[in-house]
Structure formats: structure tokens, C-alpha cells
Amino acid sequence: MDQHKLRSHVFDKTGIKIDVDDPIFALVALNEAVLAETVERQLALLNSATQALAAQARVAGGLPAEPAPAMPQPAPQAPAPSPSPSPAGFTPREWRLLGAAAIVSVACALLVLGGATLLYKL
């Protein structure tokens with residue numbers, strides 16, 4: 001933290017001169033410490049969530065299994081047969097998601113049109 005740079009910035013923005021020994025710099029240092037701790041905690045949570053998501057994707061077959069670092073790579077095997085898609089290329093789950101997205105988009109459009117109508121009537 002460059003106190004002279006912060007001091008100049010405060011003066012440029014507010015016109016208030018602060019001394020380098022001003023207690024406000026203690027608050028700045030405290031803010032930096034709290035922010036650093038919060039960022040570390042959030043990164044740890046993000047890393048654990050990413051690892052859990054990757055493990056779920058591996059179980060579902062979306063990602064290849066992680067090989068052990070010291071073990072040799074096994075010979076490639078024939079790929080497992082994938083579930084047969086429906087005639088249009090979508091699975092039943094995808095059709096349900098598409099239907100839900102369509103309902104939500106129509107509901108949002110109606111909400112926007114209703115709000116615009118109310119605003120123009122006022």
C-alpha cells in the first residue's frame with residue numbers, strides 16, 4: 001500500500017489533505033487484511049465446489065476419470081454405448097428443460113408488456 005499515492009488520490013477526489021500518519025491509514029490496512037482473508041476463504045470454497053462438481057461430472061460420464069499420477073496409463077478401451085437420443089436429437093430431460101425455459105420466457109414477456117402498459121397509462 002503506497003500511502004503517498006492514496007493521500008494524493010484522496011486529495012484529488014475530495015480536496016481534503018490527510019497526513020501520512022493519519023489514523024485513516026490504519027482503517028485502510030484493516031480493510032486490506034479483511035479483504036485478503038475474505039478472498040482466500042471464497043477461493044477455498046470455490047475450489048472445493050469445483051472439485052465436487054468435477055467429481056459429479058466424472059461419475060455422470062461427462063469427464064474422463066483422473067489417472068493416478070504415478071501409475072502408467074491403461075490401454076484405451078472401446079467406448080461405452082451412449083444412450084440413444086430421441087428422434088429429434090434431444091433427451092426427455094432436455095425437452096423438459098426446453099419446455100420450462102419456454103414457459104419462463106413467455107411469462108417474462110407478459111410481465112414486461114404488462115408493466116409497459118401500466119407505465120404508459122399513467
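The values are calculated or read from the model by the stated rules, or taken from the named source; none is laboratory data. In this text the structure is predicted, and so the values were computed from the model without any measurement. Because the Cβ atoms are built from the backbone with ideal geometry, glycine has one as well, and the counts that use them run over all protein chains shown.
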Output for Cβ contacts, cut-off 7 Å, separation at least six or different chains, first residue assigned by TED's automatic domain parsing to the domain that holds residue 2 in the range 21-42, second polar (S, T, N, Q), reads 25/3
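When you scan the range 49-59, do you find a residue that is modelled with pLDDT under 80 and surrounded by 10 or more Cβ atoms within 10 Å (Cβ to Cβ), even just one?
Checked the range 49-59: no residue is modelled with pLDDT under 80 and surrounded by 10 or more Cβ atoms within 10 Å (Cβ to Cβ).
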Subset of the range 7-43, residues more than 27 Å from the chain's Cα centre (by Cα), of a type in the set (Val, Ile, Thr) and surrounded by 10 or more Cβ atoms within 10 Å (Cβ to Cβ), comes to 10, 18, 24, 28
Checking 34, 28, 20 in turn, the sole residue that is assigned to a helix (DSSP H, G or I) and modelled with pLDDT under 85 turns out to be 28
